[in-house]
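What follows draws every value from the coordinates through simple rules; no lab data is involved. Bear in mind the structure is a predicted one, so any value in this text is a computation, not a measurement. Here the Cβ is made from the backbone with ideal geometry for all residues, glycine too, and neighbour counts use every protein chain on show.
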Amino acid sequence: MYEETLEVVTAPPEGSTSDDNYGQKRTPESQSQQKREELNFGPLKTIHAFWLAGMSCDGCTIGVAGATNPPLEGLLTGTLPGLPQLMLHHPALAVEAGEEFVHNFYLAERGELGAPYVVCYEGSIADERIAAQTGGYWSALGAENLGGDRRRQIPTTEWLKRLAPGAAAVVAVGTCATWGGIPAAAGNPTNAMGVMDFLGRDYRSTTGLPVINIPGCSPIGDNFTETVGVILLFLQGLGPLPEFDELGRPAWLFRDTVHNKCVRGGFYEEGIFAEKYGDRECLVEIGCWGPVVQCNITARGAINHMGGCMNTGGVCIGCTMPGFPDKFAPFYATPPGSTVSTNMARTYGSVVRRLRRMTQKFQNHELRWEEEGHVPSGWSAHQKPSLTSRAIHQIYQWMQYRNTVRPGSGGPPKGSERPPTV
Ligand code: SF4
Ligand code: SF4
């Protein structure tokens, strides 16, 4: 966390004075505290959301704009039952621009908004002290008038520092904002970090919440809108505080691994693995980290329950995880830890899948076909099962029906006749 020394290190623009208040916290903690006490939570009509973008590719915005359950439009129009209308102040989606756009940011900072607000941060937090050494900035929103025609771009990290103390919740959206992500990869020149690293472990919103983290590169839009929805229900007094895990992730969304719900999990279990992209089997040997990665894309899909990495043939590179990307490099190589389990699955699977195919073959037959000894399908020649497989099937059926009555074992009802076969 470096914000404690931000004012000291950040150089003021040439010609400015200390009165320019460059890089300083505009709203002291005590003032935010006073204002927050004036805010009434409970049934709300509106709540504001200030979207800040650090070092981002805007992919999180695109992900969130594509949310369908609930849709972003539902939050913005206030049509979701029980939820207040979300007044979103987003630099890419707003119709206002310039000073009109940042006006509400200043009101929030001064505690004059008249309604609670949440802060959503997309992208990683750059160390603006580094950029300031050469008079620049990494990512900024709005400009401050320094007198005359001199203006200063306000770094979004500074906005975060100004707005976080008075926010009802701070939500980090996407892996860059949660854990630093790609801009924070080893060797980066910006000393990038996530919101939680920046605000520190002691940070609490006005409602007592630490930073809420919704990772993903890009995140699933539904994960964001659903989490915001349940937080709003909580603020309304209509629902409990949802469960978050030890890293501030919505627990119900990030508890399971990708592998737990993967459409290719059955192949893994039977020890059948893809050798190249485009194969339909489990992708672990061509680089999938799904068994250890907490992500719900295999259950939720990317947009509208469609798409998602392995649903569409891609491996998991761990983009939701704090170790991403460095700890999952090199991408598209077999994760070393998978060797033991894949070899065990191969051994076990080679037996189990043979037994399953045998059962599958028998279960693909109507009882009548078995009695009549042929399958009336013109699509393939019917092969009679071997003596061995029939014997195994007899044992299987004995086990299946030993505590119940086998269907058809009493013969056809008296007086009934089979329809004639063609
Ligand atoms: S593709 Fe990945 S997530 Fe899916 S079953 Fe294989 S290892 Fe697990
Ligand atoms: S499956 Fe892996 S790569 Fe795909 S979104 Fe989830 S964590 Fe990221």
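If you put +1 on each Lys and Arg Cβ and -1 on each Asp and Glu Cβ, how big is the dipole of the stretch 169-267 around its Cα centre, in Debye rounded to 20? Please report the intermediate quantities before stating the final value.
Working: 6 positive and 8 negative charges, 28 e Å.
So the dipole magnitude of the stretch 169-267 works out to roughly 140 debye.
How big is the convex hull of the Cα atoms of the stretch 68-196, per residue, in Å³?
Details: hull volume 16.9 nm³, N = 129.
Residue-normalised Cα hull volume stands at 131 Å³.
DSSP loop GluC sites (Glu not before Pro) in the stretch 262-294 with at most 14 other Cβ atoms within 10 Å of their Cβ, which ones?
Values: sites: Glu269, Glu270, Glu275, Glu281, Glu285; in loops: Glu270, Glu275, Glu281.
Passing sites in the stretch 262-294 are Glu275.
So what is log10(I(q)/I(0)) for the stretch 164-293 at q = 0.09, 0.14, 0.19 1/Å, when the Debye sum runs over its Cα atoms only? For the requested q values the scattering log ratios are -0.36, -0.76, -1.08.
Once the Cα-Cα distance is subtracted from the 0.36 nm per residue extended length, the His103 to Arg280 segment shows a gain of 58.4 nm. Here the stretch 256-367 is assigned +1 on the Cβ of each Lys and Arg and -1 on the Cβ of each Asp and Glu. Its dipole about the Cα centre then comes out at about 260 debye.
For the Cα trace of the chain, dividing Rg by the Kirkwood Rh returns an Rg/Rh value of 1.16. Each 5 Å bin from zero up to the one holding the largest Cα-Cα distance in the stretch 256-367 carries the following percent of pairs: 2, 12, 20, 22, 18, 12, 7, 4, 2, 1, 0, 0.
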